[in-house]
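I have placed the structure first, in the form of structure tokens, so that the comments after it can refer back to it.
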Amino acid sequence: MAGSRSDRKPSTREIEHKLFAAPSFEQFLQENGDGMLTPKICYYLAELCRARGLKQAEAIRRSGLDRTYGYQLFNGTRKPSRDKLLQLAFGFGLTVEETQDLLRTAQKSALYPKILRDAAVMQCLYKGKSLEDLQALLSVLGLTSIGGGDRDE
């Protein structure tokens with residue numbers, strides 16, 4: 001029956017408890033491995049497009065990414081850097097929490113409010129500001145722009 005308790009995915013805390021309670025990592029994986037797959041970032045980006053009603057081209061344009069590079073991210077032939085993911089977050093109009101999810105999915109470090117540049121990003125995301133607004137704020141603060149000096153990974 002759909003929506004029954006057995007269909008419910010375990011919470012992060014429940015998975016953590018199972019991880020620590022398992023006698024070995026191998027046993028933990030044997031019992032919980034099906035839910036442990038890390039989704040490819042290209043699938044996550046495609047889902048964001050679907051959920052936001054955007055075409056890939058529009059998401060790439062709104063993110064300020066090079067068109068070719070953007071399509072490589074969407075088809076999985078390029079792995080995005082943290083800054084490219086932040087550009088995408090602004091292009092998709094994500095919230096702070098949605099951006100943190102995007103970063104986690106791509107196995108990048110989360111935004112940390114004690115780091116000035118990250119705090120500026122978080123504030124702009126929270127206030128619904130544009131990528132251009134963020135870039136202007138970073139410039140005023142004398143900080144590296146999003147994508148500025150970013151090495152593609």
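The values are calculated or read from the model by the stated rules, or taken from the named source; none is laboratory data. Small disclaimer: the values here were computed from a predicted structure and weren't measured. Neighbour counts are summed over all protein chains in view; Cβ atoms, including those assigned to glycine, are modelled from backbone coordinates with ideal geometry. Only protein heavy atoms, including side chains, enter the accessible area calculation; ligands, DNA and RNA are left aside. Shrake-Rupley method; radii C 1.70, N 1.55, O 1.52, S 1.80 Å.
Between Asp34 and Glu47, the modelled labels are 1.7 nm apart [label points 7 Å from Cα along Cα→Cβ].
Kindly provide the helix-only [θ] at 222 nm of the chain, computed as the sum of -39,500 (n - 2.57) over DSSP H runs of four or more divided by all residues, to the nearest 500 deg cm²/dmol? It would help to have the intermediate numbers written out before the result.
Details: 9 runs with 90 residues, N = 153.
Value at 222 nm, helices only, nearest 500: -17500 deg cm²/dmol.
Take every Cα-Cα pair in segment 49-101 and report what % of them are more than 15 Å apart.
Roughly 41 percent, once rounded to a whole number.
Inter-label distance, His17 to Gln100: 2.1 nm, where each label sits 7 Å from its Cα along the C-beta direction. Every pair of different Cα atoms in the chain enters the Kirkwood calculation, which places the hydrodynamic radius at 17.2 Å. Computed with a 1.4 Å probe over protein heavy atoms only, the accessible surface of the chain comes to 65 Å² per residue. So how tilted is helix 131-140 from the main axis of the chain? Cα-based, degrees 0 to 90, rounded to 10. With rounding to tens, the tilt is 70 degrees.
Measuring nothing but how far apart in sequence close Cα pairs (under 8 Å, 6+ apart) lie, relative to its length, the chain scores a relative contact order of 19 percent.
Give the accessible area for Asp118 in Å² (nearest 10); use a 1.4 Å probe, count only protein heavy atoms, and leave out ligands, DNA and RNA. Approximately 10 Å² of Asp118 is accessible to the 1.4 Å probe. For the residue pairs Lys18/Lys40; Lys55/Lys127; Lys9/Lys40; Lys18/Lys79, the C-alpha atoms sit more than 29 angstrom apart in Lys18/Lys79. Tyr112 exposes around 110 Å² of accessible area when a 1.4 Å probe is run over every protein chain in place. What share of all Cα pairs of segment 59-141, in percent, falls into each consecutive 10 Å distance bin? Result returned by the calculation: 19, 53, 26, 2. Considering only protein heavy atoms and a probe of 1.4 Å, how much of the accessible area of segment 1-146 is carbon and sulfur, as a whole percent? C and S atoms contribute 53 percent here.
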